[in-house]
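Enquirer: Got a structure here, written out as structure tokens. Questions coming.
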Amino acid sequence: MRHDEMIGKVQALAQLPDRGTAERAAHAVVSTLSERLPSGLARHVAAQLPPDMAAAMREAADASAAPDSGTAGERFGLTAFAGRVAVRAGTDEDTALREAAAVMEVLDAALAPELTERMAHALPADIRELLPVVRATQDIEG
């Protein structure tokens, strides 16, 4: 999926007022997601993203990789995730979560299904709920 297409979809799904806001939201989410994922997985995800989003994801993955192993992501839950996205996107935490769900839906469409599945398994349950596949599964089971 091309960058313009991804940003347009984020803008539409999150009902954002302009592309700049959608761009900030997308970069905030992929950077924060990258901090939470194991760095190798984050790099695999980045490889399937447009260049500027991939660069943001790789940068965050490199910065958060554990110095001793180089593979483990940081451990934090949904509250910290929302806080980090909010700071990066310049918004409040509720808006950050709404934007994160939109970005995750676009990522789900842009990434190979097996990669989305690996990403889901690497995330804690509370963050994983932002993924559309997980929400759909919960709707069926619930």
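The values are calculated or read from the model by the stated rules, or taken from the named source; none is laboratory data. Since this is a predicted model, take the numbers as computed values, not measurements. Positions of Cβ are generated from backbone atoms using ideal geometry, with glycine treated the same way; all protein chains shown enter the neighbour counts. Calculation scope for accessible area: heavy atoms of the full protein, side chains included, ligands and nucleic acids excluded. Shrake-Rupley method; radii C 1.70, N 1.55, O 1.52, S 1.80 Å.
Enquirer: Relative contact order (percent) for the chain, with alpha-carbon contacts under 8 angstrom and 6 or more residues of separation?
Expert: Taking the mean separation of contacting Cα pairs over the length of the chain, I get 25 percent.
Enquirer: Where the only charges are on Cβ atoms (+1 Lys, Arg; -1 Asp, Glu), what is the dipole of the chain about its Cα centre, to the nearest 20 debye?
Expert: Computed about the Cα centre, the dipole is about 200 debye.
Enquirer: Find how much the distance from His3 to Ala55 grows on full extension, using 0.36 nm per residue of separation minus their present alpha carbon separation; answer in nm with one decimal.
Expert: 17.5 nm
Enquirer: Accessible area per residue for the chain in Å², computed with a 1.4 Å probe and the full protein assembly in place, what is it?
Expert: Here the per-residue accessible area is 48 Å².
Enquirer: State to the nearest 20 debye the size of the charge dipole of the stretch 91-135 about its Cα centre, where the only charges are +1 on K and R beta carbons and -1 on D and E beta carbons.
Expert: 180 debye
Enquirer: Continuing with the same structure: Roughly speaking, to the nearest percent, how much of the chain's 1.4 Å accessible area is carbon and sulfur?
Expert: 52 percent
Enquirer: Tell me, what ³J(HN,Hα) does each residue in the stretch 7-20 have, in order and in whole Hz, if you take phi through Karplus 6.51 cos²θ - 1.76 cosθ + 1.60 with θ = phi - 60° and put x for Gly and Pro?
Expert: Listing the rounded values in order: 5, x, 5, 4, 4, 5, 5, 8, 6, 8, x, 7, 5, x Hz.
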